[in-house]
Amino acid sequence: NAGVTQTPKFRVLKTGQSMTLLCAQDMNHEYMYWYRQDPGMGLRLIHYSVGEGTTAKGEVPDGYNVSRLKKQNFLLGLESAAPSQTSVYFCASTPSGSESTGELFFGEGSRLTVL
Amino acid sequence: RKEVEQDPGPFNVPEGATVAFNCTYSNSASQSFFWYRQDCRKEPKLLMSVYSSGNEDGRFTAQLNRASQYISLLIRDSKLSDSATYLCAVEVPSSNTGKLIFGQGTTLQVKP
């Protein structure tokens with residue numbers, strides 16, 4: 001059972017380049033999230049989705065876009081990377097409704113460095 | 001004031017010690033609370049949910065104080081393997097989105 005899988009796990013970008021992080025979950029979860037984690041800042045929510053075809057902004061959405069075309073996938077895009085986006089990115093998912101225990105299931109993280 | 005706050009530590013304790021962490025939250029309407037454990041360069045994993053009546057899982061005890069708006073985690077008989085960062089998380093109330101707000105984490109180092 002793979003759970004939540006993030007690709008790539010590591011990436012180095014130059015300022016201005018674009019890239020997409022892919023998150024895939026095989027647990028049929030309705031809700032999915034993208035967080036970033038920086039030293040001393042904890043986990044901050046970038047964007048989230050409560051179902052296929054829906055996305056919403058979190059706490060720190062600027063500079064990022066997301067898409068949820070399929071229920072199992074949640075993509076995070078950086079159109080023009082900036083050094084301030086150097087971070088560790090975590091995707092998470094959780095079921096909705098009666099199946100929900102409140103627990104988020106995280107991927108292993110994607111370490112992004114923007115030079 | 002941050003929505004969820006923790007003392008980042010580090011807490012350096014000897015093996016066998018008892019250590020406690022607190023986490024304060026600002027939204028009095030919050031209903032669901034959690035402690036996550038994060039090992040170095042790994043993803044966070046749920047350690048335990050925090051119930052109103054308090055709950056215990058082996059050496060770990062979590063408690064909720066609604067009046068003062070904080071949750072706590074008590075670790076008894078600390079082991080070397082308890083060394084990690086402990087994140088508290090609070091569900092955004094009435095959002096029906098499952099969103100969690102995390103504290104910045106408290107680092108625990110258990111020394112031999």
With a 1.4 Å probe and all protein chains kept in place, how much accessible area does B:T107 have, in Å² rounded to the nearest 10?
40 Å²
The range A:17-30 - phi-based ³J(HN,Hα) in whole Hz, Karplus 6.51/-1.76/1.60, Gly and Pro as x
6, 10, 7, 10, 9, 10, 10, 10, 10, 10, 9, 6, 6, 7
If Lys and Arg each add +1 and Asp and Glu each add -1, what is the summed charge of the other residues whose beta carbon sits under 12 Å from the beta carbon of B:I75?
-1
Please list the non-local residues whose amide H lies under 5 Å from the amide H of A:Q17, H modeled 1.01 Å from N, same-chain partners needing a gap of 5 or more.
A:A81
Would you mind checking the pairs A:K9/B:K79; B:K2/B:K79; B:K2/B:K99 and listing those with alpha carbons more than 20 angstrom apart?
A:K9/B:K79; B:K2/B:K79
Applying the gyration tensor rule to the Cα atoms of the range A:44-115 (axes a ≥ b ≥ c; rounded if a/c under 1.5, else prolate if a/b exceeds b/c, else oblate), the class is prolate
Heavy-atom SASA rank of B:S95, A:S18 (probe 1.4 Å, accessible area, largest first)
A:S18, B:S95
In Å, the Kirkwood hydrodynamic radius of the protein assembly as shown over pairs of distinct alpha carbons?
18.1 Å
For chain B, what relative contact order do you get, as a whole percent, if you take Cα pairs closer than 8 Å and at least 6 residues apart?
37 percent
How large is the accessible surface of A:R44 in square angstrom, using a 1.4 angstrom probe and rounding to the nearest 10?
50 Å²
Taking Cα centroids, how far is the range A:60-115 from the range B:20-44 in Å?
19 Å
What ranking of B:E43, B:E5 comes out by heavy-atom accessible area, probe 1.4 Å, highest first?
B:E5, B:E43
Dipole size in debye (nearest 20) for the range B:26-112 around its Cα centre, Lys and Arg Cβ +1, Asp and Glu Cβ -1?
180 debye
Around A:S96, under 14 Å between beta carbons, what's the net of Lys plus Arg minus Asp minus Glu among the other residues?
-2
Which of A:A81, A:L69, A:G107, positive extreme of dipole for chain A (C-beta unit charges)
A:A81
Compute, for chain A, the length of the dipole vector about the Cα centre, with Cβ point charges of +1 (Lys, Arg) and -1 (Asp, Glu) only. Units Debye, rounded to 20.
380 debye
Relative contact order of chain A, please, whole-number percent, based on alpha carbon pairs below 8 angstrom and at least 6 residues apart.
35 percent
Computed on protein heavy atoms with a 1.4 Å probe, what is the summed buried accessible area for the chain pair A and B, in Å² to the nearest 100?
1600 Å²
What net charge is computed for the residues neighbouring A:V114, neighbours being all others with C-beta under 14 Å from the C-beta of A:V114, Lys and Arg scored +1, Asp and Glu -1?
+2
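The values are calculated or read from the model by the stated rules, or taken from the named source; none is laboratory data. These numbers were taken from a predicted model, which means no experiment stands behind them. Positions of Cβ are generated from backbone atoms using ideal geometry, with glycine treated the same way; all protein chains shown enter the neighbour counts. The accessibility values were calculated without ligands, DNA or RNA, using every heavy atom of the protein model including side chains. Shrake-Rupley method; radii C 1.70, N 1.55, O 1.52, S 1.80 Å.
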